[in-house]
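K.L.:
This is the structure, below, for whatever I ask next.
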């Protein structure tokens, strides 16, 4: 999760570095896996086979190092168990696919004595292009509403405040967005043709610091460029500090896990 620190930040960072063992691979720093990555469904299927038992449900994103840890757990359990002959080939195929998607972290996890490069980078860690044609204007809920008790839309505190004279208008905020494209980091497409390009690049400083930037370029009715994700992470494993803008998934389900929207924008700086 994203944390914001003010005055105590230098002290926290200094303490953080003193606590980290510089030679232990469990503290491997790595970038987070995008929420639309197939890695999550692969890990869920391996957990469904009983090959992963230590995963956390309902909180995402996972770091690549955490996904590598879960992958090695699945490999070990698959080797130790007398797995169903029909399930074994599929599980091995899932494991092989995850290996291809996070090779750096899997390699460093498999070889704890292997020292990561002092400076490493990946200029194209993820790339996505999407074209959307939208026929129709999304509904807007921006409107004045009569609120005689000054209670808000949900009527909280009814009877505790004096009744205001009519019309007592307050502004209600809300927009439909693009309802059939949920979990899209808050991107709202306009009527007509839309094209979006997302490109992410990441860099590593040994096994302690990770940085990632992911701009989003939207071409359509109004051309926009925005920072979809951008953060710096310190540490890894059981202790990790992240500063910046990133995706967050809190809760079960697959149709938006942040209250009052199925297309929440990434949490801000």
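The values are calculated or read from the model by the stated rules, or taken from the named source; none is laboratory data. Nothing here was measured: the structure is a model prediction, and the numbers come from that model. Please note: Cβ atoms are built from the backbone with ideal geometry, for glycine as well, and neighbour counts cover all protein chains shown.
K.L.:
Of all residues in the stretch 41-73, which are in contact with a strand residue (DSSP E or B) (Cβ under 9 Å, 6 or more places away or on another chain) and surrounded by fewer than 18 Cβ atoms within 10 Å (Cβ to Cβ)?
P.N.:
Listed by number, the residues that qualify are 58, 59.
K.L.:
Let me ask something else about it. Give the number of residues within the stretch 236-269 that are modelled with pLDDT of 80 or more, on the phi < 0 side of the Ramachandran plot and assigned to a strand (DSSP E or B).
P.N.:
Residues flagged as modelled with pLDDT of 80 or more, on the phi < 0 side of the Ramachandran plot and assigned to a strand (DSSP E or B) within the stretch 236-269 amount to 10.
K.L.:
Any residue at all in the stretch 16-29 that is surrounded by 18 or more Cβ atoms within 10 Å (Cβ to Cβ), modelled with pLDDT of 90 or more and in a loop (DSSP other than H, G, I, E, B)?
P.N.:
yes
K.L.:
List the number of the failed condition for residue 217; all other conditions in (1) touching a residue at least 12 places away in the same chain (Cβ under 8 Å); (2) in a loop (DSSP other than H, G, I, E, B); (3) farther than 16 Å from residue 32 by Cα hold.
P.N.:
Every condition holds for residue 217 apart from (2).
K.L.:
Still on this structure: Go through 200, 117 for me and flag whichever is closer than 22 Å to residue 33 by Cβ and at pLDDT 90 or above.
P.N.:
200
K.L.:
When you check residue 233 against the structure, is it at pLDDT 90 or above and over 27 Å from residue 129 (Cβ atoms), yes or no?
P.N.:
Against the criterion (at pLDDT 90 or above and over 27 Å from residue 129 (Cβ atoms)), residue 233 does not qualify.
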